[in-house]
1. Using protein chains only and a probe of 1.4 angstrom, how many square angstrom of D77 are accessible, to the nearest 10?
2. Return the sequence-ordered ³J(HN,Hα) values of segment 91-96 in whole Hz as given by the Karplus equation 6.51 cos²θ - 1.76 cosθ + 1.60 applied to θ = phi - 60°, using x for Gly and Pro.
3. On a C-alpha basis, how far is the centre of segment 87-160 from the centre of segment 42-82 in Å? Whole number, if you could?
4. To the nearest 20 Debye, how big is the dipole of the chain about its Cα centre, given +1 on the beta carbon of each Lys and Arg and -1 on that of each Asp and Glu?
5. Mind checking which of Q143, V16, V158 is farthest towards the positive end of the chain's charge dipole, using Cβ charges of +1 (Lys, Arg) and -1 (Asp, Glu) about the Cα centre?
6. Going from most exposed to least, what order do V2, V110 have by accessible area with a 1.4 Å probe?
7. Within the chain, what whole-number % of the accessible surface is contributed by carbon and sulfur, with the 1.4 Å probe and all protein chains included in the calculation?
8. How high is the relative contact order of the chain, in percent, counting Cα pairs under 8 Å that sit 6 or more residues apart?
Amino acid sequence: MVGSNGQGKSNLLEGVELLTSLRSHRCNVDRDLIGHGHPWSRLGTLTDEADSLQLELRRSGGRQAFRNGKRLERQLDLIGPLRCVGFSALDLDLVRGEPALRRQWLDRVVLQLEPVYGALLSRHGRLLRQRSQLLRRGLAPGQRQELLDAFDQQMAQVGA
């Protein structure tokens, strides 16, 4: 894309990123993506297969995703028809930064290729948090090891 400053090139790319990954590289809060004084914002596109995809952001919080005019139960169901990987100067931390940044970036890419990965990633995170809570508790050694083994087994299944 070519154009003068302030023509909306970055906004367009950010909109594509938001529709393909449900994330913005610029901000973490949806209300920062909504025009000043407006209660909501909607962005949408048509895919090569003539699917209409829309994402509605509300200043009061919450999002709604639509595909061909029908509200989707899960926002993750919006991911898949369009695939996009953004890389900018801001992403140099992927090379220089912590391994966790690379894992998060890779998770976002894989999520576009295999949307079911989102549910698995969410389940793994939930199991990990619960396992960490268990480790902080004062349980009897035998009981603790039994519960840890159960968590490890479930985490291995999700990881596989």
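The values are calculated or read from the model by the stated rules, or taken from the named source; none is laboratory data. No experiment lies behind these values; they were computed from the predicted model shown. Neighbour counts run over all protein chains shown; Cβ positions are idealised from the backbone, glycine included. Just so you know, the surface numbers come from the protein's heavy atoms only, side chains and all, with ligands and any DNA or RNA stripped out. Shrake-Rupley method; radii C 1.70, N 1.55, O 1.52, S 1.80 Å.
1. Rounded to the nearest 10, that gives 60 Å².
2. Karplus values, whole Hz, x for Gly and Pro: 8, 4, 5, 4, 8, 8.
3. 27
4. Details: 24 positive and 18 negative charges, 118 e Å.
So the dipole magnitude of the chain works out to roughly 560 debye.
5. Going by the Cα projections, it comes out as Q143.
6. On the way: V2 150, V110 50 Å².
The most accessible residue leads, giving V2, V110.
7. Working: 5720 of 11310 Å².
Of the solvent-accessible surface of the chain, carbon and sulfur hold 51 percent.
8. The value is 15 percent.
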